[in-house]
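Visitor: Before we start, here is the structure in question, set down as structure tokens.
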Amino acid sequence: RMAPLLAPSLLAADFGNLQSETERLADSAADWLHFDVMDGRFVPNISFGIPVLQAVHRHAKQPIDVHLMIEEPQNYLAAFRDAGATNLTVHYEACTHLHRVVQQIKQLGCRAGVALNPHTPVWVLEDIAADLDLVLVMSVNPGFGGQTFIPNTLRKVAALKELLVDSGSQALIEIDGGVTLDNAGALVEAGADVLVAGSFVFNSADPVATLAEMRQQLTA
Ligand code: DX5
Ligand code: ZN
């Protein structure tokens, strides 16, 4: 199996020191920086948005993986691209015209991702899978860091892997929520390509060392 990409979530970083938080990740095992946008509508919490992404982007070395937990994401795609997003992931549950939104993201030159809430079955992506660069499987209900991993995710990742293979899709499978070294190995076995980790990384004594440990333990 391939070593997964690691995407620490800045939602768990120190917001008073985003420059140093971003800079210390520059030479870490992080492959992407995960950036969680919440609007207080799609999810019951508000995080940060476009100007904060712009500020992080100025100090970031890695690509920024923007996870839009917002309603009407189509209205903000260009602004997030201009602010430094490499990957733009929208929620399936927030898009009536998902096909159009995915095409818009690609026209902006970003990688197109679709996120699924824990209750949303993977088969809803059957007719769009081939167009996607990324499928983000929520392994907690979106809105908050530090929640407990939902075990059904493992079954879901395996089903998604099968769906992607069957549709000839090259999309990466990304897991977000409650990821720790206790479940990361099983997730990779099931087919995960990218692991997001917020509290596991930033609540540890040394986030850079924790990322190195993840990299080391997950490299078969
Ligand atoms: C939750 C966010 C996650 C969050 C993960 O709504 O999408 O990216 O930051 O945090 P942990 O790893 O603490 O569950
Ligand atoms: Zn996220």
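Visitor: Search segment 178-187 for residues being outside any helix (DSSP H, G or I) and among the hydrophobic types (A, V, I, L, M, F, W, C), and hand back the single one that is farthest from PHE149 (Cα to Cα).
Guide: Checking each candidate, the answer is LEU181.
Visitor: Scan segment 22-42 for residues that are within 16 Å of ligand 2 (Cβ to nearest atom), farther than 22 Å from ASN141 by Cβ and of a type in the set (Asp, Glu) and jot them down.
Guide: Correct list: ASP31 only.
Visitor: Out of the residues in segment 104-127 that are crowded, with 20+ Cβ neighbours inside 10 Å and of a type in the set (Val, Ile, Thr), state the one that is nearest to ligand 2 (Cβ to nearest atom).
Guide: Only one residue fits best here, namely VAL114.
Visitor: Let me ask something else. Give segment 188-220 a look and list any residue that's part of a helix (DSSP H, G or I) and within 16 Å of ligand 2 (Cβ to nearest atom), or say none.
Guide: Those that are part of a helix (DSSP H, G or I) and within 16 Å of ligand 2 (Cβ to nearest atom): SER199, PHE200, VAL201, PHE202.
Visitor: Next question. Pairs under 7 Å by beta carbon, first residue at positive phi in segment 8-31, partner more than 15 Å from ligand 1 (Cβ to nearest atom) and in a helix (DSSP H, G or I), six or more apart or different chains?
Guide: Filtered contacts from segment 8-31: no entries.
Visitor: Suppose the filter is buried (at least 20 other Cβ atoms within 10 Å of the Cβ), under 20 Å from THR89 (Cα atoms) and not hydrophobic (A, V, I, L, M, F, W, C); does GLY143 pass it?
Guide: In short, no.
Visitor: Residues PHE42, PHE15, PHE35: which one is over 16 Å from VAL90 (Cα atoms) and either within 12 Å of ligand 1 (Cβ to nearest atom) or surrounded by fewer than 19 Cβ atoms within 10 Å (Cβ to Cβ) (or both)?
Guide: Selected residue: PHE15, the only one of PHE42, PHE15, PHE35 that is over 16 Å from VAL90 (Cα atoms) and either within 12 Å of ligand 1 (Cβ to nearest atom) or surrounded by fewer than 19 Cβ atoms within 10 Å (Cβ to Cβ) (or both).
Visitor: Something else about it: Would you confirm whether any residue within segment 87-96 is aliphatic (A, V, I, L, M), modelled with pLDDT of 95 or more and away from ligand 1 (no atom under 16 Å from the Cβ)?
Guide: Looking through segment 87-96, none of the residues is aliphatic (A, V, I, L, M), modelled with pLDDT of 95 or more and away from ligand 1 (no atom under 16 Å from the Cβ).
Visitor: Next up: Give the residues of segment 34-86 that are small (Gly, Ala, Ser) and either in contact with a Leu (Cβ under 8 Å, 6 or more places away or on another chain) or in contact (Cβ under 8 Å) with a residue 40 or more places away in the chain (or both), sorted by residue number.
Guide: SER47, ALA55, ALA60, ALA78, ALA83, GLY84, ALA85, listed by residue number.
Visitor: Would you say PHE149 is closer than 17 Å to LEU195 by Cβ and either within 16 Å of ligand 2 (Cβ to nearest atom) or in contact (Cβ under 8 Å) with a residue 24 or more places away in the chain (or both)?
Guide: The answer is yes for PHE149.
Visitor: Is there a residue in segment 178-185 that is away from ligand 2 (no atom under 15 Å from the Cβ) and hydrophobic (A, V, I, L, M, F, W, C)?
Guide: yes
Visitor: For segment 43-87, which residues satisfy the criterion of being in contact with a Pro (Cβ under 8 Å, 6 or more places away or on another chain), of a type in the set (A, V, I, L, M, F, W, C) and within 15 Å of ligand 2 (Cβ to nearest atom)?
Guide: VAL43, MET69
The values are calculated or read from the model by the stated rules, or taken from the named source; none is laboratory data. Keep in mind it's a predicted model, so treat the numbers as computed, not measured. Counting neighbours? That spans all protein chains shown, and the Cβs are built from the backbone with ideal geometry, glycine included.
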